[in-house]
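Enquirer: Quick one: this structure, given as structure tokens, is what I'll be asking you about.
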Amino acid sequence: MNTPKIHESEYRFCLIMWEKEPIRSPELVRLCKERLGWKETTAYTVMKRLEERGVLKVENKIVTSLFSKDQIQAAELDEFVAKTFEGSLPAFIAAFGKRQALSDEEIAEIQRIIQG
């Protein structure tokens, strides 16, 4: 199953969902109002759109994700690297390293991740 693309506002919604799931839809809507400043109708519209696209499911007012945060982030990163760096992960890392100073600890962590 292909990981669906989600937009920025949908991602912010999903961050709350992933943090609290399974969560009752009224509670999720309340949290969107508190944290994102959304109206109730906006939150329900985003929830419905994500359900229609197969990102989440709502059963008996209980909201659960069908894709994890890691899956969504990986798909977004893959698309970004493919589009911006012609699919080259080394080119992406080189560009990132030129723009962002990495600490010795961050470099060590990246090396640990790469080595598996």
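Enquirer: Do any helices (runs of 4 or more DSSP H) entirely within the range 18-101 hold 2 or more residues that are touching a residue at least 24 places away in the same chain (Cβ under 8 Å) and under 20 Å from the mean Cα position of the chain (by Cα), and if so, which?
Expert: 25-36, 40-52, 69-84
Enquirer: In this structure, is F92 touching a Phe, Trp or Tyr at 6+ places or on another chain (Cβ under 8 Å) and among the aromatic types (F, W, Y)? Break it down stepwise before answering.
Expert: Numbers: touching a Phe, Trp or Tyr at 6+ places or on another chain (Cβ under 8 Å): yes; among the aromatic types (F, W, Y): yes.
When the stated conditions are applied, F92 passes them.
Enquirer: Output the residues belonging to the range 14-29 that are touching a strand residue (DSSP E or B) at 6+ places or on another chain (Cβ under 9 Å) and either of a type in the set (V, I, T) or at pLDDT below 95 (or both).
Expert: Within the range 14-29, I16, I23 meet the criteria.
Enquirer: Additional query: Would you be able to tell me the number of residues in the range 35-76 that are within 15 Å of E19 (Cα to Cα) and acidic (D, E)?
Expert: 1
Enquirer: Could you list, in sequence order, the residues of the range 1-13 that are modelled with pLDDT of 95 or more and either within 13 Å of G54 (Cβ to Cβ) or in contact with a Gly (Cβ under 8 Å, 6 or more places away or on another chain) (or both)?
Expert: Residue satisfying the conditions is E10 alone.
Enquirer: Restricted to the range 46-56, and to residues that are basic (K, R) and surrounded by 13 or more Cβ atoms within 10 Å (Cβ to Cβ), which residue is nearest to L31 (Cα to Cα)?
Expert: It comes out as R49.
The values are calculated or read from the model by the stated rules, or taken from the named source; none is laboratory data. No experiment lies behind these values; they were computed from the predicted model shown. Positions of Cβ are backbone-derived with ideal geometry, glycine not excepted, and every protein chain shown enters the neighbour counts.
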